[in-house]
């Protein structure tokens, strides 16, 4: 009779055996969801890694004339300058002509009475605004 009692206390019921696998499945699902969220956040952030063009540009004003000078090319492939004289937006080259020629370090031009000047940097085929000067 004594052996019968031990056998019943050592036997688990169906409810007690199911608790451990259910907890395991819940934990595995939770870990999978967290990993998926972390990976998705990393991948989506990596997809938007466009580098910004930068360069050193100096604007100096003397009366109605603004001088634009390239101090450094930064990471740009090319630098272009345009100005608005109040009626048209015109490109300007380092020699002062109205041509869209690239600028390099040390290039400068004087622009008489501009309303605004915009400096663009080309990086990887994309053109981005590097600097602005407004009256």
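Every number here is computed from the coordinates shown, using simple stated rules; none is lab data. Keep in mind the model is a prediction, meaning the values are calculated, not measured. Cβ coordinates were reconstructed from backbone atoms using ideal geometry, including for glycine residues, and neighbour counts include every protein chain displayed.
You can think of it this way: the chain between residue 61 and residue 44 has 1.7 nm of extra reach, that is 0.36 nm per residue less the Cα-Cα gap.
Of 83, 120, the sequence from fewest to most neighbouring Cβ atoms within 10 angstrom is 120, 83. Among 105, 81, the ranking by other beta carbons within 10 Å of each residue's beta carbon, starting with the fewest, stands as 105, 81.
Site pair residue 31 and residue 52 shows an inter-label distance of 4.1 nm when each label is modelled 7 Å from Cα along Cα→Cβ. If R0 is 22 Å, the Cβ-Cβ spacing of residue 85 and residue 105 corresponds to a FRET efficiency of close to 0.25. In terms of the mean number of neighbouring beta-carbon atoms within 10 Å, the peptides 125-133, 56-64, 31-39, 111-119 order highest first as 111-119, 125-133, 56-64, 31-39. Per-residue extension of 0.36 nm, minus the Cα-Cα distance of residue 129 and residue 98, leaves a gain of 9.3 nm for this segment. Hydrodynamic analysis of segment 56-134 uses the Kirkwood radius over alpha carbon pairs. Inserted into Stokes-Einstein at 10 °C and 1.306 mPa s, it gives a translational diffusion coefficient of 128 µm²/s.
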